[in-house]
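The structure appears below as structure tokens.
The values are calculated or read from the model by the stated rules, or taken from the named source; none is laboratory data. Because the structure is predicted, anything quoted here is derived from the model rather than measured. Here Cβ is always computed from backbone atoms with ideal geometry, including for glycine, and neighbour counts include all displayed protein chains.
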Amino acid sequence: MIESTPEGVVITVRVIPRAARSGVAGTRDGALLVRLNAPPVDGAANAELIEVVAERLGVARRAVTIIAGEHSRTKRVRVAGIDATRARAVLDFPAEPGSPPRTHARRGGKPSPG
């Protein structure tokens, strides 16, 4: 889930520590799924989560803060300086229930019908 705030957005994230590779791996149960190579020891996974989210969204690491779930696999992350529309587009996050469906262009640059 991505929520708008006056400063930016808050994203619900589900992390998988000790993964083979770090990176965004889609969504699961309404949360952004992020695989992290780091183990959940001494804040290593949290630091890597901040780095992965900042890099993917194109913001500075200082703009990303874990606001809940520091010791849990499900976390809430605040990202300053970005709006919810851009965050959803960059993360390829599904639209919130009740919002209009996203349209994707087909190959050849022609919009999909309907």
Taking the stretch 75-114 as the region of interest, how many residues are at pLDDT 95 or above and either part of a helix (DSSP H, G or I) or under 18 Å from Gly23 (Cβ atoms) (or both)?
3
Filtering the stretch 50-71 for residues that are loosely packed, with under 12 Cβ neighbours inside 10 Å and among the small types (Gly, Ala, Ser) leaves a count of 2
